[in-house]
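Visitor: Pasting a structure below so you can have a look.
The values are calculated or read from the model by the stated rules, or taken from the named source; none is laboratory data. Just so we're clear, the structure is a prediction, and the values are computed from it rather than from any experiment. We place every Cβ from the backbone using ideal geometry, glycine too, and count neighbours over all the protein chains shown.
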Amino acid sequence: MSLRILHVFDHSLPLHSGYTFRSANILRQQGRMGWQTHHLTSPKQVNCSVAEEEADGLHFYRTAPPTGRASRLPVLDQWALMQATERRLLELAGRLQPDLLHAHSPLLNAYPALAVGRRLGIPVVYEIRAFWEDAAVDHGSTNEGSVRYRLTKWLETRAVRQADQVVTICQGLREDLIARGVSADKIGVVPNAVDAEAFVVDGRPDPVLRERLGLTGCRVLGFIGSFYAYEGLDLLIAALPRMAAEAPDIRVLLVGGGPQEANLKHQAQALGVADKVVFTGRVPHAEVGRYYDLIDLLAYPRHSMRLTELVTPLKPLEAMAQGRLFVASDVGGHKELVRDGETGLLFRAGDVEALARRALEALSLPDDGAALRAAGRRHVETERNWPRSVANYREIYGRALGRSL
């Protein structure tokens with residue numbers, strides 16, 4: 001009999017993010033394994049006012065946002081979100097009769113799933129993609145010494161203890177939970193991966209786009225994504241004067257936007273390199289490949305903090321899938337993904353000089369770093385692919401259900 005799983009997500013397609021892409025790949029691969037999946041999103045699914053929706057071939061149930069005074073008050077608004085999710089999940093679980101509830105980060109989804117699971121006698125798997133308290137630190141809404149931070153961490157640990165099984169996306173998160181006293185046997189890892197066949201290798205630059213951005217005849221370091229403080233883009237701009245002194249043709253291309261955009265523009269002006277940094281703003285997802293093709297060397301200079309030391313990002317894997325050359329800081333999340341000197345190049349996190357040296361070294365590699373690029377592509381084809389990654393759920397779900405799958 002086919003396994004029936006009811007997933008609970010924070011948000012999903014058609015929104016585009018690393019979170020939604022991971023979710024979609026999990027669902028599609030579980031379908032290929034013969035499992036029946038159903039999909040609910042929380043009230044945080046933005047620009048959505050329908051009860052159900054199709055997105056890229058997947059069917060999603062939606063949760064209406066809460067109303068009333070509580071939904072507009074600090075702290076109580078989070079409780080209202082969980083209550084709304086719990087009501088919708090209870091209704092769906094009663095109708096769909098799943099064998100398993102699978103709640104994905106943040107913990108606002110874990111507690112509704114735990115409540116419904118207890119009420120209906122359904123095992124609950126809780127998947128942590130990042131600790132909510134650590135993400136809040138970077139976004140400026142709390143700090144590691146605050147009451148809010150400690151309370152959120154306590155709530156996260158409590159949810160983990162109550163779940164039947166726990167999933168993390170990397171060893172860093174798993175080891176942190178073990179250090180909190182959670183049994184290692186209760187925590188499985190389903191690592192981030194990519195669909196290598198969905199990425200084009202060695203795409204050719206569009207000369208018209210390159211000319212329009214003022215990059216003709218230049219070597220380009222680039223980043224494509226959201227401009228959060230932890231991404232370390234300030235370090236990349238700080239390294240630009242040092243790199244330009246040796247290689248005047250170097251330019252930095254920043255595609256996207258986010259909280260740090262204004263600060264980065266000001267920094268480039270203050271350092272006298274504003275003419276060497278191109279900010280494109282956000283671009284349509286369908287156009288992203290054209291911008292990747294303009295970049296000679298991708299840069300992932302993440303700062304060292306709990307979030308980046310514990311969590312593995314998708315971007316280096318996507319770079320490998322495209323056969324691209326990249327440099328990345330040696331934070332724990334990167335070291336778990338990248339074999340330094342084999343699939344990518346690492347530099348000491350937070351060190352401007354180290355970033356400048358490593359970037360210049362990468363741009364001087366023979367044959368444009370063909371050996372590194374080919375090794376990266378092989379790595380995602382053979383190890384970091386979704387069929388291999390999602391297969392780990394078989395054992396995790398089996399432990400939650402108390403039977404082999």
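Visitor: Being in contact with a strand residue (DSSP E or B) (Cβ under 8 Å, 6 or more places away or on another chain), in contact (Cβ under 8 Å) with a residue 60 or more places away in the chain and among the hydrophobic types (A, V, I, L, M, F, W, C) narrows it down to one of Leu355, Leu325, Leu346, Leu372, so name that one.
Guide: None of the other options fit; the residue is Leu355.
Visitor: Can you run down the residue pairs with Cβ atoms below 9 Å, 6 or more apart or on separate chains, where the first is in the range 218-237 and on the phi > 0 side of the Ramachandran plot and the partner is among the polar types (S, T, N, Q) and assigned to a helix (DSSP H, G or I)?
Guide: From residues that are on the phi > 0 side of the Ramachandran plot, the pairs are Gly232/Thr308.
Visitor: Sticking with this structure for a sec: Any residue that is within 30 Å of Ile250 (Cβ to Cβ), among the small types (Gly, Ala, Ser) and either surrounded by fewer than 19 Cβ atoms within 10 Å (Cβ to Cβ) or at pLDDT below 95 (or both) - is there at least one of those in the range 142-161? So that I can check it myself, show each step before the final result.
Guide: As a first pass, look at the range 142-161 and keep what is within 30 Å of Ile250 (Cβ to Cβ): none.
No, that holds for no residue.
Visitor: To continue, here is another question. What number of residues in the range 1-43 are touching a Leu at 6+ places or on another chain (Cβ under 9 Å), without any contact (Cβ under 8 Å) to a residue 60 or more places away in the chain and of a type in the set (S, T, N, Q)?
Guide: Residues that pass the stated criteria total 4.
Visitor: Which ones in the range 1-10 are in contact with a Phe, Trp or Tyr (Cβ under 7 Å, 6 or more places away or on another chain), surrounded by 15 or more Cβ atoms within 10 Å (Cβ to Cβ) and over 14 Å from Ile128 (Cα atoms)?
Guide: The answer is Leu3, Ile5.
Visitor: Taking only the range 64-97 into account, find how many residues are touching a helix residue (DSSP H, G or I) at 6+ places or on another chain (Cβ under 8 Å), buried (at least 19 other Cβ atoms within 10 Å of the Cβ) and either charged (D, E, K, R) or not in a helix (DSSP H, G or I) (or both).
Guide: Counting residues in the range 64-97 that are touching a helix residue (DSSP H, G or I) at 6+ places or on another chain (Cβ under 8 Å), buried (at least 19 other Cβ atoms within 10 Å of the Cβ) and either charged (D, E, K, R) or not in a helix (DSSP H, G or I) (or both) gives 2.
Yes/no per residue for (1) modelled with pLDDT under 95; (2) surrounded by 13 or more Cβ atoms within 10 Å (Cβ to Cβ); (3) farther than 17 Å from Ala93 by Cβ; (4) assigned by TED's automatic domain parsing to the domain that holds Leu96:
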site	(1), (2), (3), (4)
Leu13	no, yes, yes, yes
His16	yes, no, yes, yes
Ser23	no, yes, yes, yes
Trp35	no, yes, no, yes
Ser42	no, yes, no, yes
Cys48	yes, yes, yes, yes
Glu54	no, no, yes, yes
Arg62	no, yes, no, yes
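Visitor: For residues that are under 20 Å from Pro191 (Cβ atoms) and either in a loop (DSSP other than H, G, I, E, B) or not assigned by TED's automatic domain parsing to the domain that holds Leu294 (or both), tally how many sit in the range 325-352.
Guide: We begin by selecting, within the range 325-352, every residue under 20 Å from Pro191 (Cβ atoms); these are 326, 328-340, 342-344, 346.
Keeping just the survivors that are either in a loop (DSSP other than H, G, I, E, B) or not assigned by TED's automatic domain parsing to the domain that holds Leu294 (or both) gives 330-331, 336-339, 342-343.
Residues flagged as under 20 Å from Pro191 (Cβ atoms) and either in a loop (DSSP other than H, G, I, E, B) or not assigned by TED's automatic domain parsing to the domain that holds Leu294 (or both) within the range 325-352 amount to 8.
Visitor: Considering only the range 279-316, state which residues are surrounded by fewer than 19 Cβ atoms within 10 Å (Cβ to Cβ), outside any loop (DSSP other than H, G, I, E, B), of a type outside the set (D, E, K, R) and in contact (Cβ under 8 Å) with a residue 60 or more places away in the chain.
Guide: Listed by number, the residues that qualify are Thr280, His285, Val288, Gly289.
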